[in-house]
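The values are calculated or read from the model by the stated rules, or taken from the named source; none is laboratory data. Owing to the predicted nature of the structure, the values given are computational and were not obtained by experimental measurement. Every residue, glycine among them, receives a Cβ derived from its backbone with ideal geometry; neighbour counts consider all protein chains shown. The protein model used for the area step is the full one, side chains on, heavy atoms only, and it has no ligands, DNA or RNA in it. Shrake-Rupley method; radii C 1.70, N 1.55, O 1.52, S 1.80 Å.
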Amino acid sequence: MKKLTAKQILLICGGIAGLFVIFALVKKLTPLKKKMVEKANEEWARFGYQTIKDGEIIKSGARENQEGFWQRVGDYWREALNSRYTGKDRDVAWSSAFISWIMLKSAGLFGVPFRKSASHSRYIREYVKNRKEGKLNAPFVAYRINEKPAEVGDLVCYSREDRTDMYDKTDSYKSHCDIVVATRPNEIEVIGGNVAHSVSKRIVKTKNGRVSDNNNKWFAIIKNNV
């Protein structure tokens, strides 16, 4: 039997140690958060693993208008929101339909209420209200982006308007939210829909666990207490 080299042994040990770390992190997650991560990653894989770092696409995936993929966007609309949109409606943003679908397939399984909507601002405003009314133990509570560290299962949100701070805005506005699926020192991984015309994973910079990325106008973090 051929002996392993010292380098090979180190690589094997490192791989085993890495698996234990991943297992420990997953084990710590609640069933709801595990399901959110699972469903988000499944859809990211379905669309071809498109990945963005520092505002640039480092791996391209399938696009929303391609055969087999516009139909999937239609699934998000129909199943989560009972909407008439089919996925061919290129002038209609579907990112909130995607989040609503993920929450239907995760929070919905555990009877946890989530404000599904075609507009991110609707659920953001509801969860900001939870914070302002002192309902800090509610399933979802929105804080300003620099107030809380991002953890797996949270949602992080940015403005799609010229105004950067939408936290106190009480009427509708254009925004976007992604689901945090992994955390590491100085960065997190987030998955969202309708990002560069696909379901994409973004690698987002953090400092002390808080979002510090300047590629988008991040303004809120929705903490998942379930």
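For this structure, a couple of remarks:
- Axial C-alpha extent at least 15 Å, average Kyte-Doolittle at least -0.5 - helices from the chain (DSSP): 6-28, 95-105
- Farthest towards the positive end of the charge dipole of the range 81-140, among the residues Y85, L104, H120, is the Cα of H120, using unit charges on the Cβ of Lys, Arg, Asp and Glu.
- At q = 0.26 Å⁻¹, base-10 log of I(q)/I(0) for the range 72-144 (Debye sum, equal scatterers on each alpha carbon): -1.12
- Magnitude of the charge dipole for the range 101-184, about its Cα centre and with charges confined to Cβ atoms of Lys, Arg (+1) and Asp, Glu (-1), is about 180 debye.
- Solvent-accessible area of Y167 with every protein chain in place, 1.4 Å probe, in Å² to the nearest 10: 10
- q = 0.09, 0.11 Å⁻¹, the chain: log10 I(q)/I(0) [Debye, one scatterer per Cα]: -0.38, -0.55
- Estimated purely from DSSP H runs of n ≥ 4, each contributing -39500 (n - 2.57), the mean residue ellipticity at 222 nm for the chain is -11000 deg cm²/dmol once divided by its residues.
- Cleavage-rule hits, GluC sites (Glu not before Pro), the range 101-156, DSSP coil, Cβ neighbours within 10 Å at most 10: E133
- Between N82 and K174, the contour length at 0.36 nm per residue exceeds the alpha carbon distance by 31.0 nm.
- Nearest-20 debye value, the chain charge dipole, Cβ charges on Lys, Arg, Asp, Glu: 620
- Taken over the range 97-226, the alpha-carbon convex hull comes to 101 cubic angstrom per residue.
- Summed residue charge, Cβ within 11 Å of K59's Cβ, Lys/Arg positive, Asp/Glu negative: +1
- Under-5 Å amide H pairs with I145, H placed in peptide plane, nonlocal only: A220, I221
- Cβ-Cβ FRET estimate between E161 and I57, R0 fixed at 25 Å, reported to 0.05: 0.60
- Considering only the chain, percent of DSSP beta bridges that pair antiparallel, nearest 5: 90
- Contact order for the chain, expressed relative to its length and based on alpha carbon pairs under 8 Å spaced 6+ residues apart, stands at 22 percent.
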